[in-house]
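The values are calculated or read from the model by the stated rules, or taken from the named source; none is laboratory data. If you're wondering where the values come from, they're calculated on a predicted model, not measured in any experiment. Please note: Cβ atoms are built from the backbone with ideal geometry, for glycine as well, and neighbour counts cover all protein chains shown. Heavy atoms of the whole protein, side chains included, go into the accessibility calculation; ligands, DNA and RNA do not. Shrake-Rupley method; radii C 1.70, N 1.55, O 1.52, S 1.80 Å.
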Amino acid sequence: MTILKTYARLWTDDLDQALPLLEELTGEQPHLRLAFHEIALAAIGNFLVIAGPAEERARYGHASATVVVDDLDALQATLESAGATITTPATGGPTGRFLYARHADGVEIEYVEWTAELVGRIIHA
C-alpha cells in the first residue's frame, strides 16, 4: 500500500470565494471539483476545500486530513493491525472508494482509493 497524495482540509461557506486566493498561493487551478451530498469540494495543490452549510460540513469535520492511497483493502488491514478503528466502512463515492479510520492515538483520517482515471490524470500526469 502506497500513499499517493495527502490533502489538508480547509472549511469554507463559499467554495467560489475561497478558490481565487488558493489559486494564487498554489499557482494552480483546481484539479478536482465535485459535489457530494450537500457539500461542494475542490482539490487544489495539497488542499481539499470543503464548502457548504455548517451543519453539513460538521458531518465530515472529525477527520483531520484526506489521504489518497493505491489500495484501500491493504490499508484497512494495516490500520486494523495497528489498533485503528474503522469508523466509516469502505464505501463507494464519486472519486472511487473511501473509509474513515480513527487511529489508536485518536486522530481520525479519511482514506480514499481513487479511480484509475483520477490516479492517471492527477498523480501520474
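Key figures for this structure:
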quantity	calculated
Table column - 3J(HN,Hα) (Hz), segment 113-125, Karplus curve with 6.51, -1.76, 1.60, x for Gly and Pro	10, 5, 5, 4, 4, 5, 4, x, 6, 9, 7, 9, 5
Nearest-ten-degree value, helix 15-26 long axis tilted from longest Cα axis of the chain	90 degrees
The chain - accessible surface per residue (Å², probe 1.4 Å)	52 Å²
Sparse-neighbourhood loop sites, trypsin sites (Lys or Arg not before Pro) in segment 1-81 - DSSP loop, at most 11 other Cβ within 10 angstrom	R59
Helical contribution to [θ] at 222 nm, DSSP H n ≥ 4, -39,500 (n - 2.57), averaged over the chain, rounded to 500	-6000 deg cm²/dmol
From phi via Karplus (6.51, -1.76, 1.60), per-residue ³J(HN,Hα) for segment 103-108 in Hz, x at Gly/Pro	5, 4, 7, x, 5, 10
Accessible area of the chain belonging to carbon and sulfur atoms, whole % at 1.4 Å probe	52 percent
Label-point separation, Q29 to D70 (7 Å along Cα→Cβ), nm	2.9 nm
Residue of L25, L48, L75 that the Gaussian network model of the chain assigns the largest fluctuation, springs spanning Cα pairs under 10 Å	L25
Directionally averaged projected area (convex hull, Cα atoms, the chain), nm²	7.5 nm²
Candidates per GluC sites (Glu not before Pro) in segment 1-85, loop by DSSP, up to 15 other Cβ within 10 Å	E28, E38
For the chain, size of Cβ-based charge dipole, Lys and Arg +1, Asp and Glu -1, in debye	140 debye
Net length gained if the chain between A125 and A54 were fully extended (0.36 nm per residue, minus Cα distance)	22.1 nm
The chain: angle of helix 72-81 to the longest principal axis, Cα-based, in degrees nearest 10	50 degrees
Local net charge near F98, Cβ-Cβ under 12 Å (Lys/Arg +1, Asp/Glu -1)	-1
Kirkwood-type radius of segment 66-125, with distances r between different C-alpha atoms, in Å	11.8 Å
